Amino acid sequence: MIAKRTSRLAVLVALPAALALTAGASSQAVAEGNGAYQINLSQLNNSGSKGTAMLSLKGHQLTVKIESEGHVPGQPSAQHLHGSTDGHDFHCPDPSADTNGDGVINNTEATVDYGNINISLTTKGPTDAMGSGLAVDRMPVADAQGKLSYERTIPVSQAVVDHIKDLHIVQHGIDRNNNNKYDFDGAGKSELDPKLPQEATAPTNCGEVRGAAVGSIPVGGVETGTGPVEEKGTPAAMIGVGGAAFVVVTGALTLVRRRRSGLFEGRNSRSNGGAA
């Protein structure tokens, strides 16, 4: 009788804890469309540009705030949220991205690392990738000291909400020949648009989301990471809040079975002893 009561008590104690963990997982899912994330911008192309960005989500409204410096004074800086909303693991490039060895990481070379444009961070009007990616007339302009301040709230899709941790900010515009303007003498024509200087489209800095636990589980080939890892036969997706609840319940039921088994074995032993 004591063993049965102890077993029942174990289940009664474990179940509320499991339900609380499951409820926590549900609350986290509900709040997925809210949060704030920091991005530290670090230079590319030896530009000396750096800064900080904040991404704030409220439902499907994304507020982007950027404070950066080291830009070409008085020149527009194209800027975007790059990356994937499909779970691919893109990141900021390093100097090895300069595959043609000309001393400049152009946007095409860097896109292999940081992915395509997801949102164009224009000051007004559309923010789509195709029509606004090179809309320099709607991009923020650096002041006389090369500093740039930007803030805008943009409606975004559910895919962006779900994968905000996978996106990162890239600002563009370098001054390779140090004459305080974009020109063709610095790095020739842009591979994106021959009417634009390479200096205007080459990335000047890049930054990834910080402060968030992790992004989505990477999928795809070598350049996009690998899939979830299994831990002793348990898929990695199970290890988390919901997985913890599953483990608690399973452990409690196992404990009950073991104690019942021990009780039956004890009874059988006494019965056999009496018969002898």
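The values are calculated or read from the model by the stated rules, or taken from the named source; none is laboratory data. A quick note: this is a predicted structure, and the numbers were derived from the prediction, not measured. Glycine gets a Cβ as well: all are built from the backbone with ideal geometry, and neighbour counts include every protein chain shown. Side chains included, ligands, DNA and RNA excluded: accessible areas come from the protein's heavy atoms. Shrake-Rupley method; radii C 1.70, N 1.55, O 1.52, S 1.80 Å.
Among the listed pairs K147/K181; K65/K181; K124/K181, give every one whose C-alpha distance is greater than 18 Å. Working shown, then result.
Details: K147/K181 14 Å; K65/K181 25 Å; K124/K181 24 Å.
Over 18 Å Cα-Cα: K65/K181; K124/K181.
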**OP:** Using amide H atoms built 1.01 Å from N in the peptide plane, name the residues 5+ places from L121, or on other chains, whose amide H lies under 5 Å from its own.
**Re:** Q79, H80, L81
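Residues with beta-carbon under 14 Å from that of E199, excluding E199: net charge, scoring Lys, Arg +1 and Asp, Glu -1? Walk me through the numbers before you get to the answer.
Working: positive: R176, K181, K189, K195; negative: D102, D175, D183, D185, E191, D193.
With Lys, Arg at +1 and Asp, Glu at -1, the net is -2.
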**OP:** Could you please state how large a percent of the accessible area of the range 34-212 is carbon and sulfur, counting protein chains only and using a 1.4 Å probe?
**Re:** 47 percent
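Taking a probe of 1.4 Å, how large is the accessible area per residue of the range 34-212, in Å²? List each step's numbers first, then the result.
Numbers: 8040 Å² over 179 residues.
Dividing the accessible area of the range 34-212 by its residue count gives 45 Å².
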Subject >> Cα-based shape type of the range 61-196, given that a ≥ b ≥ c are square roots of the gyration tensor eigenvalues and the cut on a/c is 1.5 >> reply: oblate
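Suppose accessible area is computed on protein heavy atoms with a 1.4 Å probe; arrange H60, H82 from highest to lowest. If you can, show how the numbers build up before the last one.
On the way: H60 80, H82 0 Å².
So, going from the largest accessible area down, we get H60, H82.
If D193, D86, D166 are ordered by their accessible area, calculated over protein heavy atoms with a 1.4 Å probe, which sequence runs from highest to lowest?
Working: D193 45, D86 110, D166 20 Å².
From most accessible down to least: D86, D193, D166.
Multiply the residue separation of T123 and D137 by 0.36 nm, subtract the distance between their alpha-carbon atoms, and state the gained length in nm to one decimal. Please report the intermediate quantities before stating the final value.
Details: separation 14, 0.36 × 14 = 5.04 nm, distance 0.92 nm.
Result for the pair: 4.1 nm of gain on full extension.
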Original post:
In nanometres, what is the gap between the two model label sites at T63 and N46, each 7 Å from Cα along Cα-to-Cβ?
Top reply: 4.0 nm
